[in-house]
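The values are calculated or read from the model by the stated rules, or taken from the named source; none is laboratory data. What you see is a predicted model, and the numbers here were worked out from it, not measured in a lab. Note: ideal-geometry Cβ built from the backbone for every residue, glycine included; neighbour counts use all protein chains shown. SASA here: full protein model, heavy atoms, side chains in, ligands and nucleic acids out. Shrake-Rupley method; radii C 1.70, N 1.55, O 1.52, S 1.80 Å.
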Amino acid sequence: MEKRIISCLCIIGFAGLLFAFGDLLIPQENLIFEAATRPEDFSKLVTSPEYAVWALRGFVGVIMEMIGTVGLYLYLQKSKAERLAFYGLLLTLTHHILGVGVFAVAYFLFPAVGELFLMGHTEAIRYATMGGALQNFMGVSLISTLLGLGMMAVAVWRSGMLPKWSGWLVFLGFAFIPFPGAALQFMTNILWGAAYFWMAYSVYRNHHEILAPHEPAPRQLVS
């Protein structure tokens, strides 16, 4: 079981790296929310090859996050903080499900809207703005994320089975993601990814300490 948990935590750690380096593919991802005010810039962005890779990596990254979160709960369910970890799991999985929806819109809908706008169908841009619905959708996702990760962070702290600050580093990393700035988003994704690698190493170390054979006591010489 511990080996599977280590694998799950490493997978979500790599998800942090995937999101971090994926954010470097496009100038600024917040431009996708400015379709109404900057329709031409929006359309050029979402029809670029780099954007397609950026959006696709979002699908993959969210699935990797889901795998890692389940693995973390499986480890914490043996602790005294199991109930808190369970509610954290439910809220975090809610974020993942919503995230799949967001990246579905980003990958399938936005490029089609951009193509239509660049072809002269300027009225198509309203399908990208969605009257602010996407921002509200992502707002709900962010709230569920922070609530879930906050509960997980407290569960990690109380469990005594993982580094106490690792859960809060994950929380801090996700809390700064909405703020603009490619450098900031790169560092925050690196931060929460590294925190999960820290957890994986802790599980690995604890597992091998349990399995390590005890050295036999030295024999006493009989005079």
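Would you compute, from DSSP H runs of 4+ residues alone, the mean residue ellipticity of the chain at 222 nm, taking -39500 (n - 2.57) per run and dividing by the full residue count, rounded to the nearest 500?
-24000 deg cm²/dmol
Compute the label zone of residue 115 within the stretch 14-44: residues whose backbone N is under 16 Å from the point 7 Å along Cα-to-Cβ.
The answer is 43-44, whose backbone nitrogens lie closer than 16 Å to the label point.
What distance in nm separates the two pseudo spin-label positions at residue 164 and residue 204, each 7 Å out from Cα along the beta-carbon direction?
2.5
Using only Cα atoms and rounding to the nearest 10 degrees, what angle (0 to 90) does helix 166-175 make with the longest principal axis of the chain?
Helix 166-175 and the main axis of the chain meet at about 10 degrees.
Please work out the C-alpha center-to-center distance from the stretch 97-114 to the stretch 1-78 and express it in whole Å.
13
Averaging sequence separations of C-alpha pairs under 8 Å and six or more residues apart, then dividing by the length of the chain, give the relative contact order as a whole percent. Could the numbers behind the result be given before it?
Working: 314 pairs, mean separation 65.6, N = 223.
Relative contact order of the chain: 29 percent.
Under the 0.36 nm per residue contour assumption, what length would be gained going from the current alpha-carbon distance of residue 60 and residue 179 to full extension?
Extra length from residue 60 to residue 179 when fully extended: 40.6 nm.
Rounded to the nearest 10 Å², what accessible area does residue 122 show when all protein chains are kept and the probe is 1.4 Å?
Approximately 80 Å² for this residue.
Note down the accessible area of residue 157, probe 1.4 Å, to the nearest 10 Å².
The value for residue 157 is about 90 Å².
Rank these by accessible area, largest first, 1.4 Å probe: 19, 197.
Most to least solvent-accessible, the answer reads 197, 19.
Taking 0.36 nm per residue of sequence separation and subtracting the Cα-Cα distance, how much length would be gained by fully extending the chain between residue 24 and residue 126, in nm to one decimal?
Going from the current span to full extension adds 34.0 nm.
For the stretch 14-22, take each phi angle, set θ = phi - 60°, evaluate the Karplus expression 6.51 cos²θ - 1.76 cosθ + 1.60, and give the result in whole Hz per residue in order, putting x for glycine and proline.
Ordered by residue, 3J(HN,Hα) equals 5, 4, x, 5, 4, 5, 4, 6, x Hz.
If one computes P(r) from the Cα atoms of the stretch 1-89, what percent of pairs lie at distances over 22 Å?
Everything past 22 Å amounts to 45 percent.
P(r) of the stretch 89-189 in 10 Å steps, Cα pairs, percent per bin?
In whole percents, the pair-distance histogram is 14, 33, 30, 14, 6, 2, 0.
Could you give the length gained by full extension between residue 80 and residue 40, i.e. 0.36 nm per residue of separation minus their alpha carbon distance, to one decimal place?
Taking residue 80 through residue 40 to full extension adds about 9.0 nm, to one decimal.
I'd like to check one number: the per residue accessible area of the chain, probe 1.4 Å, reported in Å² as a whole number.
Heavy-atom SASA per residue in the chain reads 54 Å².
Give me the percent of the accessible area of the chain that comes from carbon and sulfur atoms, probe 1.4 Å, all protein chains in place.
Its accessible area is 70 percent carbon and sulfur atoms.
Below 15 angstrom from the Cβ of residue 86, what's the summed charge of the other residues (Lys, Arg +1; Asp, Glu -1)?
After counting each charged neighbour, the total is +3.
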